[in-house]
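A.B. asks: This structure is in structure tokens; I'll ask about it shortly.
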Amino acid sequence: MKTAILVDNMYLQNVVNEYGLSGLKPSLFSTHLLEPGEEHYMTYIFDALPYPIVGATPVQREIQRKKSDYIEAIQYYKRIKVELGYVATKPGRCPRCGETFMVPVQKQVDVKISVRIMSLAWERIVEKIVLLSGDGDLLPAVRAIEPTGVIIRLVYGRVGRISANKGLIKECPEKVELTREKLEAMTFRPNTD
């Protein structure tokens, strides 16, 4: 069964952070997210660089540089494609002190995931999609492909402050909770990688 993996990388990174882990190796995603009988078509990783370049602090620029290097490096793995949105800022206000500050917000990432879900399903490219996300904004795309017969397996985290939209969990025919053990299996190992 030809299967694509779609990863909301910001969501995945938040789950990883909650478990106190680091260093995921995207080339291992297909090994640990696919089940027997599923053929890996492609892994799509959706992300955005963390801060807009204009107005970023030196620390933020360093974080952005590291993320950019990571995104560049993973594109050399076999059957991995990165699709980037962008980050814009919006004003936020501290509820305690009332101070205003700028908050970075990802743009177009959910739209790109939704478009990819739709194109994979309606063009009959795959028979199954493994969706690693927890975002309820993907619910319309998940519902829209039901007539195609393409099955979506939702892989989501439930740790600390991270969870998944209940409607998304309910709508996906297959669901798997992303555990610490599964994440540890997908990390770089110094003497084997």
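A short reminder: the numbers here are calculations on the coordinates, not readings from a lab. Being a predicted model, the structure only gives us computed values, none of them experimental. Neighbour counts run over all protein chains shown; Cβ positions are idealised from the backbone, glycine included.
A.B. asks: When a footprinting reagent is the concern and you count Cβ atoms within 10 Å, what order do L12, L49, L139 take, fewest first?
C.D. replies: On the way: L12 26, L49 19, L139 16.
Placing the least packed residue first, the sequence is L139, L49, L12.
A.B. asks: Give me the dipole magnitude in Debye, nearest 20, for the chain about the Cα centre, with unit charges on the beta carbon: positive for Lys and Arg, negative for Asp and Glu.
C.D. replies: 340
A.B. asks: Amide H to amide H under 5 Å from I80: which residues, 5+ apart in sequence or cross-chain, H placed 1.01 Å off N in plane?
C.D. replies: Correct list: T43.
A.B. asks: Take M186, M118, M102 and order them by how many other Cβ atoms sit within 10 Å, fewest up front.
C.D. replies: M102, M118, M186
A.B. asks: When Lys and Arg each count +1 and Asp and Glu each count -1, what net charge do the other residues less than 15 Å away from N17, Cβ to Cβ, add up to?
C.D. replies: Local net charge: +1.
A.B. asks: Rounded to a whole number, what is D in µm²/s for segment 30-173 from Stokes-Einstein with the Kirkwood radius over alpha-carbon pairs (25 °C, 0.890 mPa s)?
C.D. replies: So the translational diffusion coefficient is about 142 µm²/s.
A.B. asks: Right, another one. With label points built 7 Å along Cα→Cβ from the Cα atoms of F101 and K2, find their separation and express it in nm.
C.D. replies: With each label placed 7 Å out from Cα toward Cβ, I get 4.8 nm.
A.B. asks: How much length is gained if the chain between K90 and Y70 is pulled fully straight, taking 0.36 nm per residue apart and subtracting their Cα-Cα distance, in nm to one decimal?
C.D. replies: Value of the extension gain: 4.6 nm.
A.B. asks: Still on this structure, I have one more. Kindly provide the helix-only [θ] at 222 nm of the chain, computed as the sum of -39,500 (n - 2.57) over DSSP H runs of four or more divided by all residues, to the nearest 500 deg cm²/dmol?
C.D. replies: -9500 deg cm²/dmol
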